[in-house]
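For reference, the structure is listed below as structure tokens.
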2 protein chains.
Amino acid sequence: MTVSPSASRDMASSRIFETLKQDLIRGRFAAGEKLAISALKDHYRVGLSPLREALNRLAAYGLLEQVNQRGFRVPAMRLEELDDIAGLRTQLECMALTQAFQAGDPEWESQLLAAHHRLRRADEHPDRVEEWEQAHLRFHRALLASCGSHWLLRFIEQLHDQFDRYRRLAPPNPAVREVLDRQHGELVELALSRDIAAARALLDDHIRLSHGVARGCCQPAPPDSAV
Amino acid sequence: MTVSPSASRDMASSRIFETLKQDLIRGRFAAGEKLAISALKDHYRVGLSPLREALNRLAAYGLLEQVNQRGFRVPAMRLEELDDIAGLRTQLECMALTQAFQAGDPEWESQLLAAHHRLRRADEHPDRVEEWEQAHLRFHRALLASCGSHWLLRFIEQLHDQFDRYRRLAPPNPAVREVLDRQHGELVELALSRDIAAARALLDDHIRLSHGVARGCCQPAPPDSAV
DNA sequence: TGAATATAAAAAATCGATTTTCTTGAGATG
DNA sequence: CATCTCAAGAAAATCGATTTTTTATATTCA
């Protein structure tokens with residue numbers, strides 16, 4: 001987030017922040033679960049201070065909730081919130097897309113092509129999920145990177161993380177996945193030809209499809225009487 | 001036993017977070033300044049741990065920057081960033097306004113009227129700046145409160161805080177201020193009559209005017225050769 | 001002289017221990 | 001039998017001290 005890029009010499013709090021962030025997005029904790037701080041401390045082999053600093057950052061980022069004197073919990077997952085996230089993501093990304101197409105230069109085009117190539121390579125290895133996830137995130141980043149608004153990109157990134165938390169919990173849908181993969185290539189084409197209207201429509205559809213899949217993460221809440 | 005209003009029940013880290021947040025927005029620290037942690041500790045009379053947790057939250061929120069092993073600094077103020085913030089604020093607030101008008105119910109109308117009344121009362125006391133600032137923030141919150149998107153409101157709040165950091169540093173402009181105050185009342189009228197198009201135009205203008213005033217915060221950087 | 005290096009002082013980050021607050025459940029009360 | 005009280009245990013929050021890293025200053029060497 002705000003920590004400077006140098007990777008290896010990172011502070012313990014930044015390392016544990018990144019690790020926890022990924023684990024939260026990957027769904028390694030149950031929604032609504034209360035985090036036992038000393039258990040985390042043992043599991044991740046970090047001290048209390050860096051751990052607590054990371055938890056505080058995650059709470060400010062929206063991947064954790066902090067309750068007054070009773071620690072941190074994983075936010076509940078509600079269909080209503082997923083819809084909110086997806087809807088807003090659509091609007092913000094379409095906004096950024098327009099600006100990115102208008103301001104995009106050859107360097108942006110190159111980076112986009114490169115990111116797309118990496119994503120296609122990752123498509124070929126269905127077993128290496130984390131590599132694909134990273135390539136996918138970077139592709140969407142590259143698509144909007146030239147939009148010129150630091151704050152817009154920041155919010156989009158945050159929404160993307162929130163969205164993925166839901167999507168990753170949903171059962172995979174190979175048929176839709178195939179369409180989504182194809183759309184990435186089409187987005188690149190439209191980017192190169194600067195076809196804003198078509199690209200917006202496609203991106204809207206892309207997110208809508210992905211949203212539909214992600215909705216599978218919440219089964220309808222059973223009435224209280226059920227076992 | 002007299003339980004003082006929840007505030008004292010808060011954790012030290014939350015109290016110092018709020019205090020620091022306000023002081024940052026009010027411009028009590030110079031832009032670009034490096035924060036000396038132990039000085040803050042003495043000044044605010046808090047321990048190191050709660051202080052560091054608050055600083056971490058503020059960095060995640062965007063009111064501080066954290067540099068790898070060299071602590072926290074106040075973000076620089078750049079005209080370019082103010083323009084980004086104002087532009088995005090306009091787009092997000094207009095988006096929220098539309099949804100708020102569509103979903104607004106009588107309770108929302110009441111709260112908006114109440115917030116506006118408090119703001120007008122605060123207008124009458126030009127000496128009590130902080131009261132006005134709070135009433136103003138709450139008015140704008142009330143205007144959009146019924147929009148139904150938790151995440152949109154969250155981002156708008158964040159942008160508002162960023163924007164105010166610039167605006168509060170700029171020299172006051174009584175002429176523009178008078179127009180801005182009048183616009184608050186007009187926004188209420190348009191809210192009650194659900195005139196979305198007119199309200200969007202007015203809100204756009206409202207932010208544009210305020211943006212113009214806020215721009216006075218950065219005097220053009222003198223060339224290096226100057227004394 | 002000027003670049004490079006060593007070193008002392010300062011600041012940040014982290015650790016281990018202490019204090020505070022919540023939670024649980026046994027026993028008292030109505 | 002349900003509710004309330006209170007102490008013991010668990011967990012969170014905070015403190016004080018230590019370790020690590022940076023910064024400033026002085027010194028050496030070409």
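The values are calculated or read from the model by the stated rules, or taken from the named source; none is laboratory data. Please read all numbers here as calculations on a predicted model, not as lab measurements. When we count neighbours, we look across all protein chains shown, and the Cβ atoms used for this are built from the backbone with ideal geometry, even at glycine. Just the protein is used for accessible areas: all its heavy atoms, side chains included, with ligands, DNA and RNA removed. Shrake-Rupley method; radii C 1.70, N 1.55, O 1.52, S 1.80 Å.
Collect the residues in segment A:124-181 that are closer than 15 Å to residue A:96 by Cβ, part of a helix (DSSP H, G or I) and of a type in the set (Ser, Thr, Tyr), keeping them in residue-number order.
Matches in segment A:124-181: A:146 only.
Among B:133, B:93, B:109, B:80, which is of a type in the set (Asp, Glu), under 24 Å from residue A:158 (Cβ atoms) and touching a residue at least 12 places away in the same chain (Cβ under 8 Å)?
B:93
Which of the following residues is more than 16 Å from DNA strand D (Cβ to nearest atom) and open to solvent by 50 Å² or more (accessible area, probe 1.4 Å): A:89, A:120?
So the residue among A:89, A:120 that is more than 16 Å from DNA strand D (Cβ to nearest atom) and open to solvent by 50 Å² or more (accessible area, probe 1.4 Å) is A:120.
Is it the case, given these coordinates, that residue B:114 is free of Cβ contacts under 8 Å to residues at least 12 places away in the same chain, open to solvent by 20 Å² or more (accessible area, probe 1.4 Å) and over 27 Å from residue B:61 (Cβ atoms)?
no
Between A:78, A:70, which is more than 8 Å from every other protein chain (Cβ to nearest Cβ), open to solvent by 10 Å² or more (accessible area, probe 1.4 Å) and modelled with pLDDT under 95?
A:70
So which of A:37, A:16 ends up being over 27 Å from residue B:156 (Cα atoms), within 13 Å of chain B (Cβ to nearest Cβ) and open to solvent by less than 10 Å² (accessible area, probe 1.4 Å)?
Exactly one of A:37, A:16 is over 27 Å from residue B:156 (Cα atoms), within 13 Å of chain B (Cβ to nearest Cβ) and open to solvent by less than 10 Å² (accessible area, probe 1.4 Å), namely A:16.
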